[in-house]
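A.B. asks: Sharing a structure here in structure tokens format.
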Amino acid sequence: MQAGLVERAQRGDKDAFAALATASVDRSYALAYRILRDPHRAQDATQQALLSAWQNLPTLRDRDLFDAWLHRLVVRACYTEARRDRRWTARVRLIPIDASTVSDTAVSVADRDELERGFRRLSPEQRAVIVLHHYLGYPLTEIAATLGIPVGTARSRLHYATRQLRAAIEADARPTSSRERTA
Amino acid sequence: MNTRPKFEQQLSDWLEDGPVDAPDLTLETVLAAFPAIPQRRAALRVPWRTAAGNGYFRRLIEIAAVVAIAAGALFVLPRLLPGNVGGPPSAIPTTPSPALTAGSSTPSPSHSTSPSGAVISQECLGSDLAVQVMDWQGAAGTRFGTIKVQNRSATSCLVSGTPGIQLADGQGHLFLDSANLGGPASVSPAKPVFTLRAGGGNSIYLMAGLTNYCGAVPVSPVRIALVLPTSLGRVVATAPAGVAITMAPCNGPSAPTTLHVQMPWSTTAP
């Protein structure tokens, strides 16, 4: 059914595109939000991606690839949105987490906070591969196809992004550990 | 049995958290905007990805294009060289086509000749331009507006790049400047270059966006100004009656305010 809508939208059928946009907006937003970690920027990126999809839809040859193609547009819109404010990584505020004062039930909250901080330090390209792999569950070949990069590049990007994220989290945790040791 | 490393599992769980539904205004904005945007029609449709060797396929097309151009040049050039009178009569007319000298009545990106055929190399200055805010709308946490630009000078001039945006209050005090908010004037993108014909002969448009304003309420009426890249000047926009520039709602003082070009120059109103 979706291929039929895509075909009609490619011919300029506005109702068909409206149906496609309605069906795609939530997952596009969810993807954009996870890359950008900002609801307003995610909203802007989603809108840009969907408008770009309408504009460029006649160039899409394989209608069954609409979803993957739209994901590509969303990721690109996220890159643009992220680079609109190059200071975005500098907005990360380092709030020390005192693990000695949090209860067991709040440990996961602390973990999430560390993940959030570490993730915000990654480049948009690194964020995209992490989200495509760990959120959408894409294998490397699908990530490569979606982003228009070689599989090897996708693999190394995912590897270094994961390593950098791990390192950032460990670096965040270090002062807390040393404080715990001295206490 | 779950064999995923703990860190990756944590990462996946963390990513699972978060919104899965877009705010209603996201879709409403798209549905309102897209009918006015023309679709790009591809003469030759190349798949956005091919199963086997996208790079190889593209290289083949590039080689074929180079060969075709070279063959065409070899065929045409000898006929154009002076003194080559022994060849067959040329099908190329000896007088230029009117379409090439009279110019197009519709504006065209990267069009860089004047109606008289002279090459335009002069960039538009702020003082050349008339700028008008056509509308100023609200979406969730965002304000955006369409800005129309015309050339009011006596000579055609060129516009490219991305302008900066400033907001000044009713007393003329500048209180927001995109140069400090993530959207400074930039020479990028260098292309397309838009020709603005003299005397307001045509218009170009862009969309400006503002998010998360947490400052003091500015004195009305708020004015918007465009700052052209490479010190070409600044021009304050007029606004017709009924169009008021309102501030985007504050979504959190710790989050950044942005003022930026949301959609770049276009020959059609977004």
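A.B. asks: Considering only residues that are among the aliphatic types (A, V, I, L, M) and out of contact with any helix residue (DSSP H, G or I) (no Cβ under 7 Å at 6 or more places or on another chain), look in region A:1-23 and name the one that is surrounded by the fewest Cβ atoms within 10 Å (Cβ to Cβ).
C.D. replies: This residue is A:1.
A.B. asks: Just to be sure before I move on: is residue B:255 over 21 Å from residue B:163 (Cβ atoms), modelled with pLDDT under 85 and not charged (D, E, K, R) in the structure I sent? Full working, then the answer.
C.D. replies: On the way: over 21 Å from residue B:163 (Cβ atoms): yes; modelled with pLDDT under 85: yes; not charged (D, E, K, R): yes.
Here the answer is yes, as residue B:255 does meet what is asked.
A.B. asks: Another one. With respect to the numbered conditions (1) over 23 Å from residue A:129 (Cβ atoms); (2) more than 8 Å from chain B (Cβ to nearest Cβ); (3) among the basic types (Lys, Arg), which one is the sole condition not fulfilled by residue A:83?
C.D. replies: Of (1) over 23 Å from residue A:129 (Cβ atoms); (2) more than 8 Å from chain B (Cβ to nearest Cβ); (3) among the basic types (Lys, Arg), only one is false for residue A:83: (1).
A.B. asks: Follow-up question, since we're still on this one. Within region A:24-45, identify whether any single residue is facing chain B (nearest Cβ under 8 Å), surrounded by fewer than 23 Cβ atoms within 10 Å (Cβ to Cβ), under 23 Å from residue B:36 (Cα atoms) and polar (S, T, N, Q), and answer yes or no.
C.D. replies: No - not one qualifying residue is present in region A:24-45.
A.B. asks: Would you mind listing the strands (runs of 3 or more DSSP E) fully within region B:134-182 where at least 3 residues are more than 17 Å from residue B:218 (Cα to Cα)?
C.D. replies: The strands (runs of 3 or more DSSP E) meeting that bar are B:142-151, B:157-159.
A.B. asks: Go through the residues of region B:191-198 one by one and say whether even a single one is farther than 22 Å from residue B:255 by Cα, of a type in the set (Ser, Thr, Tyr) and surrounded by 20 or more Cβ atoms within 10 Å (Cβ to Cβ).
C.D. replies: Checked against the condition, which is being farther than 22 Å from residue B:255 by Cα, of a type in the set (Ser, Thr, Tyr) and surrounded by 20 or more Cβ atoms within 10 Å (Cβ to Cβ), region B:191-198 yields at least one hit.
A.B. asks: What do you reckon, is residue A:74 within 30 Å of residue B:179 (Cβ to Cβ), more than 7 Å from every other protein chain (Cβ to nearest Cβ) and at pLDDT 95 or above?
C.D. replies: Here the answer is yes, as residue A:74 does meet what is asked.
A.B. asks: For region B:130-182: of the residues being within 21 Å of the chain's Cα centre (by Cα) and charged (D, E, K, R), which is surrounded by the most Cβ atoms within 10 Å (Cβ to Cβ)?
C.D. replies: Among those residues, the one meeting the criterion is B:143.
A.B. asks: Among B:198, B:185, B:225, which is modelled with pLDDT of 90 or more and small (Gly, Ala, Ser)? Explain how you work it out, then say what you get.
C.D. replies: Working: B:198 fails: modelled with pLDDT of 90 or more; B:185 fails: modelled with pLDDT of 90 or more.
The match here is B:225.
A.B. asks: Answer yes or no as to whether residue B:224 is more than 21 Å from residue A:41 (Cβ to Cβ), part of a strand (DSSP E or B) and touching a Lys or Arg at 6+ places or on another chain (Cβ under 9 Å).
C.D. replies: No, not satisfied.
A.B. asks: For region B:9-23: of the residues being surrounded by fewer than 18 Cβ atoms within 10 Å (Cβ to Cβ) and either of a type in the set (Asp, Glu) or touching a residue at least 60 places away in the same chain (Cβ under 8 Å) (or both), which is farthest from residue A:118 (Cα to Cα)?
C.D. replies: In this case the residue turns out to be B:21.
A.B. asks: Okay, moving on. Please work out if residue A:64 is surrounded by fewer than 12 Cβ atoms within 10 Å (Cβ to Cβ) and either at pLDDT below 85 or within 24 Å of the chain's Cα centre (by Cα) (or both). Can you show your working first?
C.D. replies: Values: surrounded by fewer than 12 Cβ atoms within 10 Å (Cβ to Cβ): yes; either at pLDDT below 85 or within 24 Å of the chain's Cα centre (by Cα) (or both): yes.
So residue A:64 fits the description; yes.
A.B. asks: Oh, and also: What are the residues in region B:241-270 that are away from chain A (no Cβ under 14 Å) and without any contact (Cβ under 8 Å) to a residue 24 or more places away in the chain, if any?
C.D. replies: Passing the criteria: B:241, B:242.
A.B. asks: Something else about it: Criterion first (closer than 17 Å to residue B:33 by Cα, facing chain B (nearest Cβ under 7 Å), among the hydrophobic types (A, V, I, L, M, F, W, C) and surrounded by fewer than 23 Cβ atoms within 10 Å (Cβ to Cβ)) does residue A:57 satisfy it?
C.D. replies: Judged against the criteria, residue A:57 is not a match.
A.B. asks: Out of region B:29-43, which residues are of a type outside the set (A, V, I, L, M), in contact (Cβ under 8 Å) with a residue 12 or more places away in the chain and either at the interface with another protein chain (Cβ under 7 Å from one of its Cβ atoms) or closer than 16 Å to residue B:137 by Cβ (or both)?
C.D. replies: Within region B:29-43, just B:29 meets the criteria.
A.B. asks: Okay, moving on. How do the pairs read when you match residues in region B:174-192 that are within 14 Å of chain A (Cβ to nearest Cβ) with residues anywhere that are modelled with pLDDT of 80 or more and assigned to a loop (DSSP other than H, G, I, E, B), using Cβ under 6 Å and keeping only pairs 6 or more apart or on different chains?
C.D. replies: Pairs that qualify, where the first residue is within 14 Å of chain A (Cβ to nearest Cβ) and the partner is modelled with pLDDT of 80 or more and assigned to a loop (DSSP other than H, G, I, E, B), are B:181/B:257; B:185/B:163; B:185/B:229; B:186/B:161; B:186/B:229.
A.B. asks: Condition first: without any contact (Cβ under 8 Å) to a residue 24 or more places away in the chain and either surrounded by fewer than 15 Cβ atoms within 10 Å (Cβ to Cβ) or away from chain A (no Cβ under 11 Å) (or both). Can you find one or more residues in region B:199-215 that meet it?
C.D. replies: No.
The values are calculated or read from the model by the stated rules, or taken from the named source; none is laboratory data. This is a predicted model, so every value here is computed, not measured. A quick note on method: Cβ atoms are made from the backbone with ideal geometry, for glycine too, and the neighbour counts reach across all protein chains shown.
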